[in-house]
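**Q** Please find one structure pasted underneath; my questions will follow.
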Amino acid sequence: MELLAKLDAQLQGLHDKNQIRKRRSVESACAPRVMVDGRELLAFCSNDYLGLAAHPRLAEAMQQGVQLYGTGSGASHLISGHSRAHTLLEQRLAQFLAPHLEQAAALYFCTGYMANLAVLSGLAGADKDTEIFSEALNHASLIDGARLARTALSVYPHADLAALEGMLAASSAANKIVVTDAVFSMDGDLAPLPALLALCERHRAWLVVDDAHGFGTLGENGRGALEHFALRSPYLVYVGTLGKAAGVGGAFVAAHRTVVETLVQRARPYIFTTAAPPALAHALQASLDIISGDEGRARRAHLQALVAQLHDGLRLKRWRLLPSHTAIQPIIIGENDETMRLSAALYEQGIWVGGIRPPTVPAGTARLRITLSAGHTADDVRRLVTAINELERT
């Protein structure tokens with residue numbers, strides 16, 4: 001009971017600081033309008049950036065995948081769980097990103113978290129003469145991946161190229177790995193990838209790019225940050241998430257085929273886990289068809305129009321909209337209590353926007369994290385803008 005009492009005290013501490021997290025059960029498909037506790041809500045808090053999570057073509061492909069492959073894989077990839085569907089998806093992903101990667105290959109993972117754990121620990125591998133250089137605002141999965149690598153770690157300030165260059169120049173490690181988000185999940189800004197890549201090429205370092213929030217949404221063809229910045233290099237190791245803009249689930253690492261084969265042999269999060277259901281990989285091929293085709297281009301254009309509409313419509317004085325041109329649109333409120341009061345007030349009006357507090361973001365920067373989707377309409381965004389403008393005046 002003493003152990004439980006200790007946990008109770010810790011939970012009470014979170015309550016006292018208004019940092020307790022709560023779950024809501026969604027009773028309908030992921031979409032701009034969802035049912036929660038019998039109420040229809042207009043949701044601005046999912047990462048379904050292209051509005052594909054409930055797309056009829058993907059649902060049909062998922063059903064076909066279940067008919068072809070069943071519901072589970074039954075084993076890890078290196079035993080008997082690697083399906084033809086996994087192989088076909090990896091081939092498609094490698095082909096899709098070939099304009100940006102030398103001798104491209106791809107590896108499919110169950111989740112983005114696992115992919116990031118795998119890529120950093122796998123690239124470090126048995127090489128004890130490794131140093132990882134991690135962006136200060138990187139996602140938790142990249143932080144944990146660096147920990148799993150059990151090697152030297154340096155953290156450089158957000159987007160501070162001069163600081164990173166100094167660290168790289170001072171490092172004597174034979175194996176250097178720079179790792180960054182492409183689109184930062186809580187701020188919505190883009191990493192300076194062209195300059196980062198130039199630094200990595202100059203210092204013979206890998207550049208690991210986690211494009212969880214850019215894949216599918218950035219670039220003319222949806223190839224993400226690499227296409228957005230027109231990058232190509234053998235030093236690039238690219239991580240893309242398939243449960244956000246792609247609308248299904250899982251993630252992948254794409255890089256030179258030697259890098260990918262190294263991960264197959266070394267990456268414990270890949271080797272020692274049951275493979276994802278093949279039906280997911282089958283459905284994701286249909287998702288790639290949409291992302292890379294005319295419909296995907298139209299959805300990306302609509303999403304950008306909604307971003308512009310939000311920026312044009314908000315008239316904030318006390319709160320601050322961050323200068324993001326991605327689907328992630330944070331409004332800095334400041335204190336936890338006011339942030340959660342605002343989130344609750346929107347919820348009462350039938351608008352679901354998540355309040356983000358420390359430790360996810362720094363103290364004093366609690367915020368509303370608005371996420372836009374190509375599934376939203378101009379009327380949806382107008383309703384959100386009107387509600388926020390009125391709440392700020394109260």
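The values are calculated or read from the model by the stated rules, or taken from the named source; none is laboratory data. In this text, all values refer to a predicted model and were calculated from it rather than measured experimentally. As a convention, Cβ positions derive from the backbone with ideal geometry for all residues, glycine included, and neighbour counts pool all protein chains shown.
**Q** Out of all the residues in the stretch 96-111, is one or more among the hydrophobic types (A, V, I, L, M, F, W, C), in a helix (DSSP H, G or I), in contact (Cβ under 8 Å) with a residue 40 or more places away in the chain and in contact with a strand residue (DSSP E or B) (Cβ under 7 Å, 6 or more places away or on another chain)?
**A** If we filter the stretch 96-111 for residues that are among the hydrophobic types (A, V, I, L, M, F, W, C), which is where we start, we get 96-98, 101, 104-107, 109-110.
Going one step further and asking which of them are in a helix (DSSP H, G or I), we end up with 96-98.
Subset that is in contact (Cβ under 8 Å) with a residue 40 or more places away in the chain: 96-97.
Next cut, in contact with a strand residue (DSSP E or B) (Cβ under 7 Å, 6 or more places away or on another chain) only: 97.
Yes.
**Q** Do the conditions hold for Ser121, that is, is it part of a loop (DSSP other than H, G, I, E, B), on the phi < 0 side of the Ramachandran plot and not assigned by TED's automatic domain parsing to the domain that holds Tyr347? Before the answer, list the steps.
**A** Working: part of a loop (DSSP other than H, G, I, E, B): no; on the phi < 0 side of the Ramachandran plot: yes; not assigned by TED's automatic domain parsing to the domain that holds Tyr347: yes.
Criteria not met by Ser121.
**Q** Quick one: in the stretch 1-53, which of the residues that are among the acidic types (Asp, Glu) and more than 26 Å from the chain's Cα centre (by Cα) is nearest to Gly247 (Cα to Cα)?
**A** Step by step, filter the stretch 1-53, then rank; the result is Glu40.
**Q** Listed residues Leu93, Leu78; which is aliphatic (A, V, I, L, M), within 22 Å of Leu142 (Cα to Cα) and modelled with pLDDT of 95 or more?
**A** Answer to the selection: Leu93.
**Q** Please specify each residue of the stretch 54-76 satisfying the condition of being assigned to a helix (DSSP H, G or I), of a type outside the set (A, V, I, L, M, F, W, C) and within 24 Å of the chain's Cα centre (by Cα).
**A** Pro56, Arg57
**Q** Please find, among Gly38, Gly65, the residue that is closer than 24 Å to Ile271 by Cα and either in contact (Cβ under 8 Å) with a residue 60 or more places away in the chain or not aromatic (Phe, Trp, Tyr) (or both).
**A** Within the list Gly38, Gly65, the selection yields Gly65.
**Q** Still on this model: Could you give me the residue pairs with C-beta distances under 6 Å whose first residue belongs to the stretch 301-322 and is in contact (Cβ under 8 Å) with a residue 12 or more places away in the chain, whose second residue is of a type in the set (Val, Ile, Thr) wherever it lies, and which are 6+ apart or on separate chains?
**A** Between residues of the stretch 301-322 that are in contact (Cβ under 8 Å) with a residue 12 or more places away in the chain and residues that are of a type in the set (Val, Ile, Thr), the close pairs are Leu306/Val381; Gln309/Val381; Leu310/Val381; Gly313/Val385; Leu314/Val385; Trp319/Ile331; Trp319/Ile333; Arg320/Ile332.
**Q** Kindly establish whether Arg297 is buried (at least 21 other Cβ atoms within 10 Å of the Cβ) and either touching a residue at least 60 places away in the same chain (Cβ under 8 Å) or not in a strand (DSSP E or B) (or both).
**A** Numbers: buried (at least 21 other Cβ atoms within 10 Å of the Cβ): no; either touching a residue at least 60 places away in the same chain (Cβ under 8 Å) or not in a strand (DSSP E or B) (or both): yes.
Criteria not met by Arg297.
**Q** Hey, can you tell me all the residues within the stretch 6-50 that are part of a loop (DSSP other than H, G, I, E, B) and among the β-branched types (Val, Ile, Thr)?
**A** Within the stretch 6-50, Ile20 is the sole residue that qualifies.
**Q** Please determine whether any residue of the stretch 358-366 is within 20 Å of Leu190 (Cα to Cα), in the same structural domain as Glu40 (by TED's automatic domain parsing) and among the hydroxyl-bearing types (Ser, Thr, Tyr).
**A** Checking the stretch 358-366: at least one residue is within 20 Å of Leu190 (Cα to Cα), in the same structural domain as Glu40 (by TED's automatic domain parsing) and among the hydroxyl-bearing types (Ser, Thr, Tyr).
**Q** What strands (runs of 3 or more DSSP E), lying completely within the stretch 302-394, carry at least 1 residues that are touching a Pro at 6+ places or on another chain (Cβ under 8 Å)?
**A** Correct list: 354-356, 366-371.
**Q** Starting from residues that are of a type outside the set (A, V, I, L, M) and surrounded by 14 or more Cβ atoms within 10 Å (Cβ to Cβ), keep the ones in the stretch 312-324 and report whichever is nearest to Lys244 (Cα to Cα).
**A** Ser324
**Q** Sticking with this one: Within the stretch 134-167, which residues are under 20 Å from the mean Cα position of the chain (by Cα), under 26 Å from Gly219 (Cα atoms) and either of a type in the set (D, E, K, R) or not in a strand (DSSP E or B) (or both)?
**A** Hits for the stretch 134-167 are Glu135, Ala136, Leu137, Asn138, His139, Ala140, Ser141, Leu142, His158, Ala159.
**Q** Continuing with this model, one more query. Could you tell me which of the residues Gly51, Gly70 is at positive phi and surrounded by fewer than 18 Cβ atoms within 10 Å (Cβ to Cβ)?
**A** None of the other options fit; the residue is Gly70.
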